[in-house]
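**Q** Sharing a structure with you now.
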Amino acid sequence: GQNPLFPRILGHEARGVVESVGEGVMDVQPGDHVLPIFTGECKECPHCLSEASNMCDILRINTERGGMLHDGHTRFSKDGKPIYHFLGTSTFSEYTVVHVGQVAKINPEAPLDKVCVLSCGMSTGFGATVNVAKPKKGGSVAVFGLGAVGLAAAEGARVCEASRIIGIDLNPNRFEEAKKFGCTEFVNPKDHNKPVQEVIAEMTGGGVDCSIECTGSTQAMVSAFECVHDGWGVAVLVGVPSRDDSFKTHPIHFLNERTLRGTFFGNYKPRSDIPGVVEKYMKKELELDKFITHSVPFLDINKAFEYMLRGEGLRCMIRMDA
């Protein structure tokens, strides 16, 4: 279970075809289509064996681990100097080396240049809604942050047939685009002289059924929790805060039967669950193409970062063809 796997990779939210496998690897074979994923599933630890968790003890995200798990050494070098693995995938390369627990074997008919977005942000936001918040048909959902992850959360609410999907963002340019992902209403906190949770409560007669926070802002986290309806409201935190952040809310909100939950990678077990999400796309139950707004050759990779920093588009495909 700790031997390396060698898939061919194209792009950052990765796509790949297995070129070769290490000794003892049985789950995938050369020629298989896989999605490398920044978090893993060993299928043996207590978290992997639990139906409630996807936080693998061995392969969960680790930004400091720069080598392969079984020996700690990197497989990459340039001019005799080591180049360390990043998030276990190192997908800004044409070929990479990945632990077998960090690849999901998928339908070979799935277009790799589309389903690759399921390796990270799309699955995170979509899963936060469908797996954790679980809005009922006809319910109301508030989504804080309308970047790719937030719009994926809105897409999840659309698939769950929520009747009201309220998008909250400080960038008004996001609002028109968010309609494509099911958003029915929009709130810019800058447009109001009261906390946005109060605005949402007034709009919805007491609060929304579910909220999904996708910004990492502690202020947004408080707003997302306090805007859900007492008695049954569920708030889900997705955004990653700064290391030293904390936030306060009054305990009465919990006593009034609001629920606050967190999620990592949309509560998907990568190897077990992501192939099924790919099948949803193949059956046209899930839209992915609209998340891909730009495409650049690898030589122009800095343009992709510029799009991201300027808040333009959602996902940029990085091609290895030039």
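The values are calculated or read from the model by the stated rules, or taken from the named source; none is laboratory data. All values derive from a computational prediction rather than experimental measurement. Cβ placement follows ideal geometry from the backbone for every residue including glycine, while neighbour counts extend to all protein chains displayed. Surface areas here come from the heavy atoms of the whole protein model, side chains and all, with no ligands, DNA or RNA. Shrake-Rupley method; radii C 1.70, N 1.55, O 1.52, S 1.80 Å.
**Q** Residues that are touching a strand residue (DSSP E or B) at 6+ places or on another chain (Cβ under 9 Å), of a type in the set (A, V, I, L, M) and in contact (Cβ under 8 Å) with a residue 40 or more places away in the chain: does region 244-267 have at least one?
**A** Of all residues in region 244-267, those touching a strand residue (DSSP E or B) at 6+ places or on another chain (Cβ under 9 Å) come to 249, 253-254, 258-263.
From the residues that got through so far, the ones that are of a type in the set (A, V, I, L, M) too are 260.
Subsequent filtering for residues that are in contact (Cβ under 8 Å) with a residue 40 or more places away in the chain retains none.
For region 244-267, residues touching a strand residue (DSSP E or B) at 6+ places or on another chain (Cβ under 9 Å), of a type in the set (A, V, I, L, M) and in contact (Cβ under 8 Å) with a residue 40 or more places away in the chain: absent.
**Q** Which residue out of LYS280, LYS284, LYS303, LYS290 is in contact with a helix residue (DSSP H, G or I) (Cβ under 6 Å, 6 or more places away or on another chain) and surrounded by fewer than 19 Cβ atoms within 10 Å (Cβ to Cβ)?
**A** Of LYS280, LYS284, LYS303, LYS290, the one residue that is in contact with a helix residue (DSSP H, G or I) (Cβ under 6 Å, 6 or more places away or on another chain) and surrounded by fewer than 19 Cβ atoms within 10 Å (Cβ to Cβ) is LYS290.
**Q** Give me the residue from region 123-146 that is in a strand (DSSP E or B) and touching a Lys or Arg at 6+ places or on another chain (Cβ under 8 Å) and, out of that set, surrounded by the fewest Cβ atoms within 10 Å (Cβ to Cβ).
**A** My answer is SER140.
**Q** GLU226 is checked against (1) in contact with a Pro (Cβ under 9 Å, 6 or more places away or on another chain); (2) at positive phi and fails just one. What number does that condition carry?
**A** Result: GLU226 passes all but (2).
**Q** What is the number of the single condition among (1) touching an Asp or Glu at 6+ places or on another chain (Cβ under 8 Å); (2) more than 25 Å from ILE212 (Cα to Cα); (3) assigned to a loop (DSSP other than H, G, I, E, B) that ASN54 does not meet?
**A** Condition (2) is where ASN54 drops out.
**Q** Which residues, taken from region 298-313, are touching a strand residue (DSSP E or B) at 6+ places or on another chain (Cβ under 8 Å), at pLDDT below 90 and of a type in the set (A, V, I, L, M)?
**A** The answer is MET308, and nothing else.
**Q** Let me ask something additional. Which one of the conditions (1) open to solvent by less than 50 Å² (accessible area, probe 1.4 Å); (2) part of a helix (DSSP H, G or I); (3) out of contact with any Pro (no Cβ under 7 Å at 6 or more places or on another chain) does GLN219 fail to meet, given that it meets all the rest?
**A** If we test GLN219 against (1) open to solvent by less than 50 Å² (accessible area, probe 1.4 Å); (2) part of a helix (DSSP H, G or I); (3) out of contact with any Pro (no Cβ under 7 Å at 6 or more places or on another chain), just (1) comes out false.
**Q** Considering every residue within region 56-68, establish whether at least one is more than 19 Å from the chain's Cα centre (by Cα), closer than 30 Å to ALA304 by Cα and at pLDDT 90 or above.
**A** Scanning region 56-68 turns up no residue that is more than 19 Å from the chain's Cα centre (by Cα), closer than 30 Å to ALA304 by Cα and at pLDDT 90 or above.
**Q** Kindly evaluate GLU155 against the criterion of being outside the structural domain of ARG310 (by the TED database) and surrounded by fewer than 24 Cβ atoms within 10 Å (Cβ to Cβ).
**A** Details: outside the structural domain of ARG310 (by the TED database): yes; surrounded by fewer than 24 Cβ atoms within 10 Å (Cβ to Cβ): no.
In short, no.
**Q** Is one or more of the residues making up region 267-289 outside any helix (DSSP H, G or I), among the polar types (S, T, N, Q) and within 25 Å of LYS136 (Cα to Cα)?
**A** No: zero hits.
**Q** Give me the residue from region 308-318 that is open to solvent by less than 50 Å² (accessible area, probe 1.4 Å) and of a type outside the set (Gly, Ala, Ser) and, out of that set, farthest from ALA178 (Cα to Cα).
**A** Once the filter is applied, the top-ranked residue is ILE318.
**Q** Output the residues belonging to region 197-225 that are touching an Asp or Glu at 6+ places or on another chain (Cβ under 6 Å) and within 14 Å of ARG261 (Cβ to Cβ). Reasoning before the result, please.
**A** Going through region 197-225, the residues touching an Asp or Glu at 6+ places or on another chain (Cβ under 6 Å) turn out to be 197, 218, 220-221, 224.
The answer is MET221, ALA224.
**Q** For GLY182, state whether it is touching a strand residue (DSSP E or B) at 6+ places or on another chain (Cβ under 9 Å), touching a residue at least 40 places away in the same chain (Cβ under 8 Å) and not acidic (Asp, Glu).
**A** For GLY182, the condition - touching a strand residue (DSSP E or B) at 6+ places or on another chain (Cβ under 9 Å), touching a residue at least 40 places away in the same chain (Cβ under 8 Å) and not acidic (Asp, Glu) - is not met.
**Q** Out of VAL100, VAL149, report the one residue that is within 21 Å of GLY239 (Cβ to Cβ), aliphatic (A, V, I, L, M) and open to solvent by 10 Å² or more (accessible area, probe 1.4 Å).
**A** Result of the check over VAL100, VAL149: VAL149.
**Q** Further question: How many residues are of a type outside the set (Gly, Ala, Ser), outside any helix (DSSP H, G or I) and open to solvent by 60 Å² or more (accessible area, probe 1.4 Å) when one looks only at region 232-258?
**A** Number satisfying all stated conditions: 11.
**Q** Ok, one more. Please tell me if TYR281 is of a type outside the set (Asp, Glu), in contact (Cβ under 8 Å) with a residue 12 or more places away in the chain and in contact with a strand residue (DSSP E or B) (Cβ under 9 Å, 6 or more places away or on another chain).
**A** Here the answer is no, as TYR281 does not meet what is asked.
**Q** For SER119, which of the numbered conditions (1) modelled with pLDDT of 90 or more; (2) over 13 Å from the mean Cα position of the chain (by Cα) fails to hold?
**A** It is condition (2) that SER119 fails.
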